[in-house]
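Below: one structure, written as structure tokens.
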Amino acid sequence: MPPRRRGASGFRGVRVRPSGRFTAEIRAGGFRLTLGTYNTPEEAARAYDAAAWRFRRPGHDMNFPDVESLEEAEFLAPPPCLVDDEDRRRHRQVQRRIAIAERDEQLMRQWRAPDAFFANLRAQRRSNRRHRRAVAAFELENPNTTWTENDPRWDDIWMETTSDDE
């Protein structure tokens, strides 16, 4: 497949505005997220790369392949030009959308690997069951127990003793 066009700016994810400024935007989950408006195409490309790192895009999607980590990309990316309260409001909204898109992608990775998800869930349940059994054993040995005779927490002890007998 041929490489994607990079547009008039020469960078991926950067468009030239009629005013001569440059807008950085990235596609995520079927949506186009505008990252901000910048004075130079390099600044907009750095902002695009920081967002691409946050979305864990492959290296060939980056404008600057020499950047090796998300922290470095965010350090090199300039903040967008926020002129007034409306720009600030839009910027906060974009940041929220990016955070939501990041969380969606994280959940999709978990969904694609159900074995790891369910193994973790089983381990958590097993750990909770062990803790409940330990508490029940302590209460059984303690003559001044606070549990009543009909307390369902005793079931953990009875289940443990019956499984040991078998």
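Read-outs: derived from the displayed coordinates by stated rules, not from any lab. Here the structure is a predicted model, which means the values were calculated and not measured. We place every Cβ from the backbone using ideal geometry, glycine too, and count neighbours over all the protein chains shown.
A few remarks follow.
- Note on Arg103 and Ser127: their simple-model spin labels are 2.2 nm apart, each label 7 Å out from Cα toward Cβ.
- Extending 7 Å from the Cα toward the beta-carbon at both Glu141 and Asn120 defines two label points whose distance is 3.4 nm.
- Spherically averaged projected area of the convex hull of Cα atoms, region 25-157: 14.3 nm².
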